[in-house]
Amino acid sequence: MRIRFALAGLVAALAAAGAVQAQDFKPRIVRFGYGLVDNSNQGRAVRVFAEAVEKATGGKMKIRGIGNASLGSDTQMQQALIGGAQEMMVGSTATLVGIVPEMAVWDTPFLFANVKEADAVLDGPVGEKVKAKLEPKGMVGLVYWENGFRNLTNSKRPVNKLEDMNDIKLRVMQNNVFLDSFKALGANAVPLPFSELFTALETRAVDGQENPFNTVVSSKFYEVQKYLTVTNHVYSPWIVTVSKKWWDTLSPAEKKVLQDAAVKSRDFERKDTREEAAKALAELKGKGMQVNELPASEANRMREKLVSVNVGIAKSVGQETWDAVNAAVAQTRGK
Ligand code: TK8
């Protein structure tokens, strides 16, 4: 018994010593792709991650942040990660649903009432469990970042009541929950990758879209969208993922550096996103957007329609995941 403890201690000590030894870090160049522009909450947090990794590896591991979907849309990058052609990315959990159906649980309308609930559930056991489903599919999930609460913009008319959604051609993420949700509201929902969204709005191929305030600012949607309706209909996470093929070539020390940097970037990103979101509405009004809050009665009507998609979500993510996530939310509310 005593020998076993002594050995365990020795192994731990060696591992700790190993973590700081330069020979554990090979010279590597890591392509870290993302969809938004460089000057966005995504871009800023990728740079925080890059700095932390470079510092921890004495400059051996270099992170090349590549934004603007220059490496492809979310779904294209996911395939590149699975194939081992790209090392890292950050994107919506919503675009992963084709690979990991359980990810759709995060798209449940009105799942979280505030960011405190989102943090607790995503970083808690059930968030980890859903994240772990990526591994057998060829990706390793490191952390969830905040995309944020989504709001509606369009170029057709102010949305003051449910019926105003009728015949608005609305771009949604490539995911059935979003498609069903907005069809339920009466919109003409069109799935499209984010990378094609600005042009689609500009050319009026679609009338509207829904994203957090931050993205409406950073992607300059205010240039091509007149009306913004505060709906907060769903909280979207982003997730930082690594190619499993590449991950398996890393030393334990390298993996630890990436994990630690990911946590650091997450904490920075959430803070940065929340600060930016708090200022964004004023900025968007300043840019000429016409902003309205839905009257409570209309918000409730929309809410009822949206909640009707929950049955379908529970079915596609599996009852176990559905129940676990809802129990975790309830638990944060009980505290
Ligand atoms: C960026 C997307 C974006 C998402 C969307 O690549 O597609 O609307 O909200 O943040 O992941």
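The values are calculated or read from the model by the stated rules, or taken from the named source; none is laboratory data. Computed from a predicted model, the values in this text were never measured in an experiment. Here Cβ is always computed from backbone atoms with ideal geometry, including for glycine, and neighbour counts include all displayed protein chains. Note: accessible area is taken over every heavy atom of the protein model, side chains too, but ligands, DNA and RNA are not part of it. Shrake-Rupley method; radii C 1.70, N 1.55, O 1.52, S 1.80 Å.
Within the bounds of the range 116-133, is there any residue that is within 15 Å of the ligand (Cβ to nearest atom) and under 15 Å from the mean Cα position of the chain (by Cα)? First the steps, then the outcome.
Initial filter on the range 116-133 (within 15 Å of the ligand (Cβ to nearest atom)): 118.
Still in the list and also under 15 Å from the mean Cα position of the chain (by Cα): 118.
Among the residues of the range 116-133, at least one is within 15 Å of the ligand (Cβ to nearest atom) and under 15 Å from the mean Cα position of the chain (by Cα), which makes the answer yes.
Based on what the data block shows, is E210 surrounded by fewer than 18 Cβ atoms within 10 Å (Cβ to Cβ), closer than 25 Å to A113 by Cα, under 16 Å from the mean Cα position of the chain (by Cα) and not polar (S, T, N, Q)?
On the way: surrounded by fewer than 18 Cβ atoms within 10 Å (Cβ to Cβ): no; closer than 25 Å to A113 by Cα: yes; under 16 Å from the mean Cα position of the chain (by Cα): yes; not polar (S, T, N, Q): yes.
No.
Out of the residues in the range 27-44 that are under 17 Å from F213 (Cα atoms) and either among the aliphatic types (A, V, I, L, M) or open to solvent by less than 40 Å² (accessible area, probe 1.4 Å) (or both), which is nearest to the ligand (Cβ to nearest atom)? Working first, answer last.
Here is the first cut: in the range 27-44, the ones under 17 Å from F213 (Cα atoms) are 35-44.
Next, only the ones that are either among the aliphatic types (A, V, I, L, M) or open to solvent by less than 40 Å² (accessible area, probe 1.4 Å) (or both) stay: 35-37, 40-43.
Values: G35: 2, L36: 6, V37: 10, S40: 9, N41: 9, Q42: 7, G43: 11 Å.
Out of the qualifying residues, it is G35.
If I ask for residues that are within 12 Å of T153 (Cβ to Cβ), within 13 Å of the ligand (Cβ to nearest atom) and outside any helix (DSSP H, G or I), which ones from the range 191-213 would you list?
V206, G208, Q209, E210, N211, P212, listed by residue number.
Conditions first: (1) over 27 Å from M88 (Cα atoms); (2) open to solvent by 70 Å² or more (accessible area, probe 1.4 Å). N292 passes all but one, so which condition is the exception?
(2)
Checking D24 against (1) farther than 27 Å from N151 by Cβ; (2) touching a strand residue (DSSP E or B) at 6+ places or on another chain (Cβ under 8 Å); (3) surrounded by 16 or more Cβ atoms within 10 Å (Cβ to Cβ), only one condition comes out false. Which one?
D24 satisfies all of (1) farther than 27 Å from N151 by Cβ; (2) touching a strand residue (DSSP E or B) at 6+ places or on another chain (Cβ under 8 Å); (3) surrounded by 16 or more Cβ atoms within 10 Å (Cβ to Cβ) except (2).
Listed residues T108, T93; which is within 15 Å of the ligand (Cβ to nearest atom) and farther than 19 Å from A261 by Cβ? Steps first, please.
Numbers: T108 fails: within 15 Å of the ligand (Cβ to nearest atom).
On inspection, the qualifying residue turns out to be T93.
Among residues belonging to the range 145-181 that are more than 16 Å from the ligand (Cβ to nearest atom) and of a type in the set (D, E, K, R), point out the one that is farthest from Q225 (Cα to Cα).
That would be D180.
So in the range 214-239, with the set limited to residues that are assigned to a strand (DSSP E or B) and within 13 Å of the ligand (Cβ to nearest atom), which one is surrounded by the fewest Cβ atoms within 10 Å (Cβ to Cβ)?
Going through the range 214-239, the residues assigned to a strand (DSSP E or B) turn out to be 227-230, 235-239.
Next, only the ones that are within 13 Å of the ligand (Cβ to nearest atom) stay: 235-239.
Values: Y235: 25, S236: 21, P237: 23, W238: 27, I239: 27.
Here the answer is S236.
What is the number of the single condition among (1) in contact with a helix residue (DSSP H, G or I) (Cβ under 6 Å, 6 or more places away or on another chain); (2) assigned by TED's automatic domain parsing to the domain that holds L179 that K156 does not meet?
Just one mismatch for K156, condition (1).
What are the pairs with Cβ atoms under 6 angstrom where one residue, in the range 181-193, is closer than 10 Å to K169 by Cβ and the other, located anywhere, is part of a loop (DSSP other than H, G, I, E, B) and within 13 Å of the ligand (Cβ to nearest atom)? Sequence gap at least six, or different chains.
Short answer, once both residue conditions are applied: V190/V206.
Out of the range 281-323, which residues are under 16 Å from V159 (Cα atoms), among the polar types (S, T, N, Q) and either touching a helix residue (DSSP H, G or I) at 6+ places or on another chain (Cβ under 6 Å) or touching a residue at least 12 places away in the same chain (Cβ under 8 Å) (or both)?
Residues satisfying the conditions are Q290, N292.
Could you run through the range 304-335 and say how many residues are among the basic types (K, R) and surrounded by 15 or more Cβ atoms within 10 Å (Cβ to Cβ)? Break it down stepwise before answering.
So the first thing to find is which residues in the range 304-335 are among the basic types (K, R), and the list is 305, 315, 333, 335.
From what's left, surrounded by 15 or more Cβ atoms within 10 Å (Cβ to Cβ): 305.
Count: 1.
Here is a yes/no grid of residues against (1) of a type outside the set (V, I, T); (2) over 23 Å from A328 (Cβ atoms); (3) touching a Leu at 6+ places or on another chain (Cβ under 7 Å):
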{"site": "D119", "(1), (2), (3)": "yes, no, no"}
{"site": "K169", "(1), (2), (3)": "yes, yes, no"}
{"site": "L197", "(1), (2), (3)": "yes, yes, no"}
{"site": "N211", "(1), (2), (3)": "yes, yes, no"}
{"site": "V216", "(1), (2), (3)": "no, yes, yes"}
